[in-house]
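Some notes on the structure that comes next.
The values are calculated or read from the model by the stated rules, or taken from the named source; none is laboratory data. Just so it is clear, the structure is predicted and the values come from calculations on it, not from any experiment. Glycine also receives a Cβ, built like all others from the backbone with ideal geometry; neighbour counts cover every protein chain displayed.
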Amino acid sequence: MLFLIWLMTHAGYPWFLWPMIGWGLGLYLHGMSVLPTRGAHFEHEFTGWKEQRRKRQEKEAAKQREKDMKELREMRETKPPAENDQAKAFRKAAEEELDE
């Protein structure tokens, strides 16, 4: 927004950079205080998050294995498709060639 104001006022000295730098620094410092990345509490929370993630991945993998096994069972149980006319004609021609 500050950039647009600066641009619309015939762009002289880039004064908008100073408020942007200050605002950015304030956001960064606030973020560092709100989102700690060190300490016992952080380690405990991070370990819990990793455990939840591992369990979720294992659950998804088990579901995928079950789905794959179900597909495999269905494939084994289904009969091969019936030959169509073209396949029958091809097989008949191949048998005739072998007989000659």
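Looking at the structure I just gave you, is residue 91 among the basic types (Lys, Arg) and surrounded by 10 or more Cβ atoms within 10 Å (Cβ to Cβ)? Yes; evaluated as a whole, the condition is true for this residue.
Check whether at least one residue in the range 75-84 is assigned to a helix (DSSP H, G or I), out of contact with any Cys (no Cβ under 9 Å at 6 or more places or on another chain) and surrounded by 10 or more Cβ atoms within 10 Å (Cβ to Cβ), and report yes or no. Within the range 75-84, none of the residues are assigned to a helix (DSSP H, G or I), out of contact with any Cys (no Cβ under 9 Å at 6 or more places or on another chain) and surrounded by 10 or more Cβ atoms within 10 Å (Cβ to Cβ).
Would you call residue 29 assigned to a helix (DSSP H, G or I), at pLDDT below 85 and of a type outside the set (Lys, Arg)? It is false that residue 29 is assigned to a helix (DSSP H, G or I), at pLDDT below 85 and of a type outside the set (Lys, Arg). Scanning the range 10-40 for residues that are over 36 Å from the mean Cα position of the chain (by Cα) and surrounded by fewer than 10 Cβ atoms within 10 Å (Cβ to Cβ) yields 10, 12, 13.
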